[in-house]
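None of the figures in this text is laboratory data; all of them are computed from the coordinates on show. Small disclaimer: the values here were computed from a predicted structure and weren't measured. A quick note on method: Cβ atoms are made from the backbone with ideal geometry, for glycine too, and the neighbour counts reach across all protein chains shown.
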Ligand SMILES: C[C@@](CO)(OP(=O)(O)O)[C@H](O)COP(=O)(O)OP(=O)(O)OC[C@H]1O[C@@H](n2ccc(N)nc2=O)[C@H](O)[C@@H]1O
Ligand SMILES: Nc1ncnc2c1ncn2[C@@H]1O[C@H](COP(=O)(O)OP(=O)(O)O)[C@@H](O)[C@H]1O
């Protein structure tokens, strides 16, 4: 069985409060995009994990795909050992949620393969144990999210008139560090309202609280965003805690921009 975990971008992100559990409350709009990994599971087998493509840092035993397997096996001992292969294509530590997508798709795949009968509410609860971004990938449709990101309301947000440019310059931003740079506060205008404005007004209205501190540490990211605007983007933003920068361009009008050869660049037309 093979599935294709996709990435997400954040359109607007406000850190609203520090919580007693050490995490932060936020509000954001998650939007899925078809830049994908490939995740294959074969049974019967011995439990093993291999990967190809972009190297995943850290110990293979800590990979979110295996963590998702163990999380379900704890409650469903009937889960048979599986061979897992991940082909990694989504840049890592980029604010694109690739690891979270792998974990959420793994939960869904195991639910289907072993006919566990889990509802999407139950899958969301499991996903929340694997990462704050993970529940989104169970719904995987545009939504307004609060809490740690697990309280989601689907949004009717149609961006099919735009093409997306994703640029990842290879800078790794530690998510915990990024949260620690921010003094949480309620936004002047709730994102849920602001996101309903025409996209042509988002430049002034839809902001990401992480940009100030992350751009100060990595001015190259501010330059990428500025280039997107000078080359015709209608809206540009860093995604999540970075470091991918995403630009919305009029459909099929992404300029042929010459980026540094080391950057990873994706176009979604
Ligand atoms: C910032 C966001 C926005 O969508 O995405 P990314 O930029 O990472 O993709 C998410 O909130 C990131 O979610 P995720 O990447 O799953 O983070 P987690 O693994 O749960 O947490 C990593 C660390 O970030 C901090 N953290 C994370 C989420 C949150 N609501 N409050 C926090 O304070 C904690 O210090 C935590 O230990
Ligand atoms: N399957 C996976 N894909 C990517 N990263 C993974 C995976 N499993 C565990 N990780 C760990 O998660 C961290 C970043 O995850 P990722 O979702 O790519 O970043 P972000 O949260 O910035 O979108 C990395 O430090 C990596 O070691």
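Build a GNM of the chain with springs between Cα atoms under 10 Å apart, and of 200, 28, 175 the one that fluctuates most is 200. By other beta-carbon atoms within 10 Å, ranking 14, 89 with the fewest at the front produces 89, 14.
With Rh defined as the Kirkwood radius, the inverse of the mean 1/r over Cα pairs, the Rg/Rh of the range 9-136 is 0.98.
Helices in the chain, meaning DSSP H runs of at least 4 residues, each add -39500 (n - 2.57). Divided by all residues, the mean residue ellipticity at 222 nm is -7500 deg cm²/dmol. Distance from the alpha carbon centroid of the range 179-211 to that of the range 102-116 works out to 34 angstrom. Between the Cα long axis of helix 98-113 and the first principal axis of the chain there is an angle of about 40°, rounded to the nearest 10. Using only Cα atoms, tell me the angle between helix 219-230 and the longest principal axis of the chain; keep it within 0 to 90° and round to the nearest 10. Taking the Cα atoms of the chain, the angle to 219-230 is about 70 degrees.
Take the Cα radius of gyration of the chain and divide it by 2.2 N^0.38 Å, with N its residue count; two decimals is plenty. Don't jump to the answer; show the numbers that get you there.
On the way: Rg = 18.5 Å, N = 269, 2.2 N^0.38 = 18.4 Å.
Dividing the Cα radius of gyration by 2.2 N^0.38 Å gives 1.00.
With a 10 Å cut-off between alpha carbons and a GNM built on the chain, which of 148, 67, 19 moves the most? Residue with maximal mean-square fluctuation among 148, 67, 19: 19. As a rough footprinting exposure proxy, the listed residues 8, 225 were ranked by other beta carbons within 10 Å of their own, and the order from fewest upward is 225, 8.
If you bin all the Cα-Cα distances of the range 176-222 at 10 Å, starting from zero, the percentages per bin are 22, 43, 32, 2.
Which shape class applies to the range 162-268: rounded if a/c is under 1.5, otherwise prolate when a/b exceeds b/c and oblate if not, where a ≥ b ≥ c are the square roots of the Cα gyration tensor eigenvalues? In terms of gyration-tensor shape, oblate.
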